[in-house]
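Asks: Below are the structure tokens for one structure; questions will follow.
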């Protein structure tokens, strides 16, 4: 899908919704007339099938983050992983979905440092690499946004000082490229009076593997640290993926790979 721009507020709302679901969705659920307890989730969440699917999904998503550091002019500085298993409809706080008994989902986000005066070159290299990857993966799965949109080409021209703001003369500075597989966001660099900055990751909920897991690599690194070291921050957000699911009839669905 071609790269487009959407307000960052929509992504923040989606992230907040996911975070709330991670907390309340894991407490209880119903299987028919029987509520599945929190402890009942442990056995399927820690099963060999779930563990293998989790490892495959995390590797695939981490590889997409690594691609930005290996193929383009970005410095990987922080990678966050949020992993949770929750229940379907029923119980004290129902998820609203009555089709499954339990489900495990994973979200991986990468943060990168860059020099502000190189933002045009960085975006151009990202889009060019996306073009190459999508050409070699026509059915999807490349994991890099591409330049196949009028907005993307105008965005590069804008940051190279060769064109106007692609959103309009009085519009906010762009902060996002979006396609069906990922969202790339960055600090504004041309709005010093009203900067829009990449936010810190949400605090980790108390880990409780295999039901709930949260990691930061490196553990002590912050977005503020990256900004102080490099000047600005990019972040690559991938949509959360459901890697393990048990339906109400007992059928198991695995989705470790794409």
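Values in this text are rule-based calculations from the coordinates and carry no lab data. All values derive from a computational prediction rather than experimental measurement. Glycine gets a Cβ as well: all are built from the backbone with ideal geometry, and neighbour counts include every protein chain shown.
Asks: Order by neighbour count: 100, 38, fewest other Cβ atoms within 10 Å first, most last. The partial results should precede the final answer.
Replies: Values: 100 21, 38 16.
In order of increasing Cβ crowding within 10 Å: 38, 100.
Asks: Order 66-75, 53-62 from most to least packed using the mean count of other Cβ atoms within 10 Å. Show your work: numbers first, answer last.
Replies: On the way: 66-75: 17.6, 53-62: 19.4.
Sorting 66-75, 53-62 by mean packing, highest first, produces 53-62, 66-75.
Asks: For the pair residue 191 and residue 49, how long in nm is the line joining their label points, each one 7 Å along Cα→Cβ?
Replies: Here the answer is 4.7 nm between the modelled labels.
Asks: Can you figure out the FRET efficiency of residue 99 with residue 59, using R₀ = 41 Å and their beta-carbon distance, to the nearest 0.05?
Replies: The computed FRET efficiency comes out at 0.90.
Asks: Next question, about the same structure. Extension gain residue 228-residue 132, at 0.36 nm per residue separation less the Cα-Cα distance, in nm?
Replies: Separation in residues times 0.36 nm, less the Cα-Cα distance, equals 31.4 nm.
Asks: I want to check the label-to-label distance for residue 115 and residue 200. Put each point 7 Å from Cα in the C-beta direction and report it in nm to one decimal.
Replies: So the two model labels end up 2.9 nm from each other.
Asks: Just to verify a number: FRET efficiency for residue 219 and residue 249, C-beta to C-beta distance, R0 = 30 Å, to 0.05?
Replies: 0.15
Asks: For residue 242 and residue 208, compute 0.36 nm times the residue count separating them, minus their Cα-Cα distance, and round to one decimal in nm.
Replies: 10.4 nm
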